[in-house]
1. Output the residues belonging to the stretch 289-310 that are more than 19 Å from Met374 (Cα to Cα) and at pLDDT 95 or above.
2. For the stretch 261-279, does any single residue satisfy the condition of being polar (S, T, N, Q), touching a residue at least 24 places away in the same chain (Cβ under 8 Å) and in contact with a strand residue (DSSP E or B) (Cβ under 6 Å, 6 or more places away or on another chain)?
3. Where residues in the stretch 268-288 are at pLDDT 95 or above and within 23 Å of the chain's Cα centre (by Cα), which of them is farthest from Ile240 (Cα to Cα)?
4. Residues being at pLDDT 95 or above, open to solvent by less than 40 Å² (accessible area, probe 1.4 Å) and assigned to a helix (DSSP H, G or I): count how many of those fall in the stretch 380-395.
5. Output the residues belonging to the stretch 59-75 that are outside any loop (DSSP other than H, G, I, E, B) and modelled with pLDDT of 85 or more.
6. List pairs: first in the stretch 175-189 and within 11 Å of Asp160 (Cβ to Cβ), second open to solvent by 60 Å² or more (accessible area, probe 1.4 Å) and at pLDDT below 90, Cβ under 6 Å, 6+ apart or cross-chain?
7. Could you check, for the stretch 3-16, whether at least one of its residues is assigned to a helix (DSSP H, G or I), closer than 19 Å to Phe135 by Cβ and modelled with pLDDT under 95?
8. Does Thr56 meet the test of being closer than 23 Å to Arg189 by Cα and either out of contact with any Lys or Arg (no Cβ under 9 Å at 6 or more places or on another chain) or not in a loop (DSSP other than H, G, I, E, B) (or both)?
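The values are calculated or read from the model by the stated rules, or taken from the named source; none is laboratory data. The structure presented is a predicted model; accordingly, all values stated were derived computationally and were not measured. Glycine gets a Cβ as well: all are built from the backbone with ideal geometry, and neighbour counts include every protein chain shown. With ligands, DNA and RNA removed, areas are computed over all heavy atoms of the protein, side chains included. Shrake-Rupley method; radii C 1.70, N 1.55, O 1.52, S 1.80 Å.
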Amino acid sequence: MRTIFVNRYFHPDQSATSRMVSALAFGLARQGGAVTVLASRAFHDGSASPLAGRETCSGVEVVRLSTSRFGRGTLPGRAADYLSFHLAAFGWLSRNIRRGDVVVVCTDPPLISLACALPIRLRGGRMVNWIMDLFPETAVELGFLGKAPFLGRLAAWLRDRSIARSRLTVCPTERMADYLLARGVPAERLRVLHHWSDAAEIHPIPKDDNHLRTDWGYAGKFVVGYSGNFGRAHEFATLIEAATLLKDHPDVHFLMVGGGYKLQSVKSAVQERGLTNVVFKPLQPARNLAESLGVPDLHVVSLLPCLEHCIIPSKFYGILAAGKPTLFIGDPKGSVATVVTAEQCGVTIEIGQAETLARTISNLAATPERVAAMGTAARAVLEAGYAYDRALTTWSTLLAELAERHRVPAGAVMLEQRPL
């Protein structure tokens, strides 16, 4: 059996989908599997020159397609990049799939399963939809298709047809699976396999041993951090307002690490308010990820409530691995909030409750033993339910069953039973 992954980004790119696909592909290759990845030659942030068109990386055959590279700055340019990848992937799969191949189709670019379904079916492959972000629902909720609702309905209908014709659809949360069930996807073709983090790559680092915390001047400070993509799906106004309320607290600092669409607007809000307690840093190299995530005492995760059925913030798993508490800003009944509350590994604040947030941060800064206990609980949650080794075993078993039985594994029981 050969497993083929289709995703626009792959190692050495450090975007969320790339890290997930890369970790799984490398793990399957280490187990002796034949693994091919179909990706683009670009980096998610467009910061480097194009990658090689073909190479073998840690036992994985990587095929990088030539596509347009207008980047993420404008919607027309992004749409062109999406379309060119669709066309290039359709062409490569039409020529190269072998009968019996299992093709795991991800969701970057959006609706790529539509381009992959026909060649996979005609050449005797088996398609698995690995849905990380649900499209077009995400675009609809963010208002991109407000003037053309027909396009949203059409895209959803086409997406549902591609799911119906695939062997299996994998979702990262129960809420997303429930949504697809309500749309008519058969239960026996759905599985919930949660995202993960590598407990060896990201691990707790004592404050005194963390050189980044020292180099960045946070010794003796209480640091509230955000790390990752400043995307449209996330909310920052509540956090900025809380930072404003705490600007005269010298021991409380806010650290913002990463980049993305909303970064400039967040920077502008900080500058307009004259907040000297908020510092921005670029996304750190993968080799420094444990140290970077180890700098904050409390990590922010946010998600607009309307997107709970569409997206799961993957940064949450790295926070768990780093043994740090999560400050979730969003729906208190959402997927991340449910785990945070049940496992006592952080706190949850609703969007707009800036005064409550500021008071919560101040209280946590004054009770380091409580923060430490939540961090210990976070690491325990990761090791018990969301560790990479466990996820790799589950995926390996699932793909082997698909290859050996030539059908979807029997039964509608979810392979994961954690609440996220």
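1. Keep residues of the stretch 289-310 that are more than 19 Å from Met374 (Cα to Cα), which gives 289, 303-310.
Across the stretch 289-310, the qualifying residues are Leu303, Leu304, Pro305, Cys306, Leu307, Glu308, His309, Cys310.
2. Looking through the stretch 261-279, at least one residue is polar (S, T, N, Q), touching a residue at least 24 places away in the same chain (Cβ under 8 Å) and in contact with a strand residue (DSSP E or B) (Cβ under 6 Å, 6 or more places away or on another chain).
3. Initial filter on the stretch 268-288 (at pLDDT 95 or above): 268-281.
If we keep only those that are within 23 Å of the chain's Cα centre (by Cα) too, we end up with 280-281.
Details: Phe280: 13, Lys281: 16 Å.
Across the stretch 268-288, the extreme among qualifying residues is Lys281.
4. Residues that pass the stated criteria total 7.
5. Within the stretch 59-75, the first condition is being outside any loop (DSSP other than H, G, I, E, B), and the residues that meet it are 60-65, 75.
Within the stretch 59-75, Val60, Glu61, Val62, Val63, Arg64, Leu65 qualify.
6. From residues that are within 11 Å of Asp160 (Cβ to Cβ), there are no pairs.
7. Filtering the stretch 3-16 for residues assigned to a helix (DSSP H, G or I) gives 16.
When the remaining residues are screened for being closer than 19 Å to Phe135 by Cβ, the result is 16.
From what's left, modelled with pLDDT under 95: 16.
Looking through the stretch 3-16, at least one residue is assigned to a helix (DSSP H, G or I), closer than 19 Å to Phe135 by Cβ and modelled with pLDDT under 95.
8. Numbers: closer than 23 Å to Arg189 by Cα: no; either out of contact with any Lys or Arg (no Cβ under 9 Å at 6 or more places or on another chain) or not in a loop (DSSP other than H, G, I, E, B) (or both): yes.
Criteria not met by Thr56.
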